[in-house]
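Just below is one structure, and these are the notes that go with it.
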Amino acid sequence: MKNNIRIVALVICLAVVLCTAAAALADSNKLTVYTAFPESEVIYYFNKFTAETGIQIEYIRLSAGEMLTRVEAEKENPQAALMLGGSTDNYIAAAGRGLFEPYQSPELANTPQAYLDPTGTWNPIYVGCIAFACNSDWFKDNGYEYPKTWEDLLDPKYEGEIIMAHPATSGTAYTVLATLIQLKGEEACWEYMGKLSKNISQFTKAGSAAPNAVALGEAAIALTFSHDALQLTPEGYHIELSFPEDGTGYEVGAVALIKNGPADEQENAKKFIDWICSVDGQGSYAENDSFRVPTNTQAPVADGLVTLDQVPVIDYDAVWASNNKSKYCEEFEEKIVAKPES
C-alpha cells in the first residue's frame, strides 16, 4: 500500500514538473537572433515584430561569414535560435554541416519556386543583385561616366577609388567573386582580380562597409548589393547605381532555425520566420526604404526598387558557389590580398 502511495506521489510530482516546464516554454517571450542585416534596418523589423507579438528580440549583428562561423563554433551548445539575413551560399553550407533544423513557413506559398530551398531547410526572404554603387558627386566633379562593364573598373583613373569587402567574411564580396568566376572562368578571374586589386583601396570586413565608404566620399565605387547602396539615398547621400552590362550575380537572402537552439525560443523562432516570410513582414522592406526585393510576390515594393528582371543577371549557381567557398576564399587571400609586391 505504501509503495502504491509513493508511486502515485512520484507520478503527480513528475506531472507537475512537466506541466511547469511546458508552461515556461509556452510563456517564453524571448528570441535570440544572429543577423547579417544592417543594424539600422533590422531594428525596424524587430520592433515591428515585437509590437505585433509581444516577443522580445535579443540580437548580435555579424557579417554573413562571421555569422556562419559562430553558429558552427557553437554547434554543441547553440546560443541563438535564428540565423537571419545573408545570402544562401552560407545557408547551403550551414545546412550541409547539420547546423539547421528544417522548417518551412506556410507563407512560402507565394514565393517563386526558383528561390525555394529544395532541401526544405532554410526560408528565402529577399533577393538582390550585385551593382557598382557610384558616388555621383565624384563622377560629376571628374567629368566621368559611370562604369558599364567589369572591364571598365580596370581603368587607371579608378586607382584607389574602388572598395569591396573580403569574400571570407562578407557574403556580398563572395557573391562578387563567385559571379566573376562563373562569368570568366577561374584562371581569367584571378588574372582580372589581380588587375582590379590595383584600383581597390581596401577590403573591408562587412559588405555594408563598402557602400558606406562611397556615401562618405572615401571611395568612388563600391562593389555591393544594390539594396545596400540604395538604403543610403533617403539619408541624402548621392549614390547612383550602374549594373555591369556583361552580367551580374545575385543573392537570395534567407532565414533559418538553428538546430538545438534555446528550447524555450523554438516556437517564437518559427513565429518570426512566418512573419518575415509574410506580406506584412516583407512589406516592411518598403516601409523602411530598405530596397530589398521581396520573395513574397504579394508584398508591396519600394518606389525606385531595382528588380532582377531589370538587369542582366547571370544564371548564378548558389549551390556550386557554396560548395567551393572555402577553396576560393583561400585562393583570394593567397593570390590577391597577400600577393607579394612584384
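The values are calculated or read from the model by the stated rules, or taken from the named source; none is laboratory data. Bear in mind that the values here come from a model prediction, so they are computed numbers and not experimental data. For neighbour counting, all protein chains shown are included, and Cβ atoms are generated from backbone atoms with ideal geometry for every residue, glycine included.
See the values below:
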| quantity | calculated |
| --- | --- |
| Residue in the range 162-174 that is in contact with a Pro (Cβ under 9 Å, 6 or more places away or on another chain), assigned by TED's automatic domain parsing to the domain that holds K327, within 14 Å of F332 (Cα to Cα) and without any contact (Cβ under 8 Å) to a residue 60 or more places away in the chain present | yes |
| Scan of the range 174-190 for residues that are more than 18 Å from V127 (Cβ to Cβ) and assigned to a helix (DSSP H, G or I), ordered by number | L177, L180, I181, L183, K184, E186, E187, A188, C189, W190 |
| Residue among A269, A299 that is out of contact with any helix residue (DSSP H, G or I) (no Cβ under 7 Å at 6 or more places or on another chain) and either in a strand (DSSP E or B) or of a type in the set (A, V, I, L, M, F, W, C) (or both) | A269 |
| Selection status of A256, of a type outside the set (V, I, T), part of a strand (DSSP E or B) and farther than 25 Å from A188 by Cβ | yes |
| Candidate set from the range 305-342 (those that are under 19 Å from S242 (Cα atoms) and of a type in the set (S, T, N, Q)); member that is surrounded by the fewest Cβ atoms within 10 Å (Cβ to Cβ) | Q310 |
| Candidate set from the range 272-295 (those that are out of contact with any His (no Cβ under 9 Å at 6 or more places or on another chain) and either modelled with pLDDT under 95 or not in a helix (DSSP H, G or I) (or both)); member that is surrounded by the fewest Cβ atoms within 10 Å (Cβ to Cβ) | E287 |
| Among the residues listed as E159, E145, E186, the single one being modelled with pLDDT of 95 or more, under 16 Å from E333 (Cα atoms), surrounded by fewer than 21 Cβ atoms within 10 Å (Cβ to Cβ) and in the same structural domain as E333 (by TED's automatic domain parsing) | E186 |
| Filter pass, E191 being over 21 Å from E240 (Cα atoms), surrounded by fewer than 21 Cβ atoms within 10 Å (Cβ to Cβ) and free of Cβ contacts under 8 Å to residues at least 24 places away in the same chain | yes |
| Test: residue in the range 231-248 that is at pLDDT below 95, within 19 Å of I125 (Cβ to Cβ) and not in a strand (DSSP E or B) | yes |
